[in-house]
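Engineer: If you scroll down you'll find the structure; I have some questions about it.
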Amino acid sequence: MRRFVKISLFVVFLAAVFGILLLAASVYTFHVLTDETLIAELSFDRTGDQQYVAHLRTGDLCEERTFALLGDQWRIDAQFLKWKYWASLLGLDSQYRLERIEGRYRAVGDQNTKPTRSYALGPKTALDISSASRLLGPLNFLTDATYGSSTYQDVDTTKTYLVYKSPTGIFTRTAAPADPSRSAQSLPIDVRAGCGGSPGLFERAATWADAAALAALGGGGARQPP
């Protein structure tokens, strides 16, 4: 009997650890919110009438992904996550993650009648912290609020679009062309993270647990890069 109790407690302990890793895997899909920071870079090639290929770099801006978009404009959506006060005291800062990129028509009539195309930017996880918080309702002890923010612009193939996040939302600037007459003046410089950084041990363990859970649920597959 004593041996059975020990085995049962060990199974409960393993289940709790696995649950914590699944929760951590969802949290790792978000990024910490601090000051205004460049989070994405976009440029476009025209492929037809109201048809474009978007070249998108996110995260450390080292890897490029391409998306075929339809419309006159592009739009990116992000999700923001604000923790409960007690969690903030433990060092958990508000976070964000990019959710979707899609084409957008300038005219409402076109938006309602012409084809559209959207793509998910955030990786799929077995346990989504936003959904879990909503399901917990009044028992939610994790998040204070989750909300969306988006930015959109007309597509111009001669411009590069820079998407920034602030502590409250995302917004867009366009890259200004070089002006030799201003070369002696001080200019703002975007500080970009170095490429090739590897995740820590706990993040790797959380990713492994999440991949195992997705495989068990029949939704396995490689996670998209941030």
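The values are calculated or read from the model by the stated rules, or taken from the named source; none is laboratory data. Nothing here was measured: the structure is a model prediction, and the numbers come from that model. Don't worry about glycine lacking a Cβ; one is built from the backbone with ideal geometry, like all the others, and counts go over all protein chains shown.
Engineer: Has segment 143-159 got any residue that is modelled with pLDDT under 60 and more than 28 Å from HIS55 (Cα to Cα)? Even if it seems obvious, please write down each step before you answer.
Structural biologist: Within segment 143-159, the subset modelled with pLDDT under 60 is none.
Checked against the condition, which is being modelled with pLDDT under 60 and more than 28 Å from HIS55 (Cα to Cα), segment 143-159 yields no hits at all.
Engineer: Next question. Every residue in segment 146-163 that is in contact with an Asp or Glu (Cβ under 8 Å, 6 or more places away or on another chain) and surrounded by 15 or more Cβ atoms within 10 Å (Cβ to Cβ), please. Can you show your working first?
Structural biologist: Here is the first cut: in segment 146-163, the ones in contact with an Asp or Glu (Cβ under 8 Å, 6 or more places away or on another chain) are 148-150, 154-155, 157, 160-163.
Result: SER149, SER150, VAL155, THR160, TYR161, LEU162, VAL163.
Engineer: Sort out which residues of segment 25-60 are at pLDDT below 85 and assigned to a loop (DSSP other than H, G, I, E, B), and write them in order of number.
Structural biologist: Within segment 25-60, TYR28, THR29, PHE30, LEU33, THR34, ASP35, GLU36, GLY59, ASP60 qualify.
Engineer: Another question about this same structure. For segment 96-119, state whether one or more residues are surrounded by 15 or more Cβ atoms within 10 Å (Cβ to Cβ), over 30 Å from ALA215 (Cβ atoms) and modelled with pLDDT under 95.
Structural biologist: Taking every residue of segment 96-119 in turn, none turns out to be surrounded by 15 or more Cβ atoms within 10 Å (Cβ to Cβ), over 30 Å from ALA215 (Cβ atoms) and modelled with pLDDT under 95.
Engineer: Kindly indicate whether GLY91 is at pLDDT below 95, exposed (fewer than 15 other Cβ atoms within 10 Å of the Cβ) and under 21 Å from THR168 (Cβ atoms). Steps first, answer last, please.
Structural biologist: Numbers: at pLDDT below 95: yes; exposed (fewer than 15 other Cβ atoms within 10 Å of the Cβ): yes; under 21 Å from THR168 (Cβ atoms): yes.
Yes, satisfied.
Engineer: Only one of (1) within 24 Å of ARG100 (Cα to Cα); (2) modelled with pLDDT under 75 fails for ALA184. Which number is that?
Structural biologist: Unmet for ALA184, out of (1) within 24 Å of ARG100 (Cα to Cα); (2) modelled with pLDDT under 75: (1).
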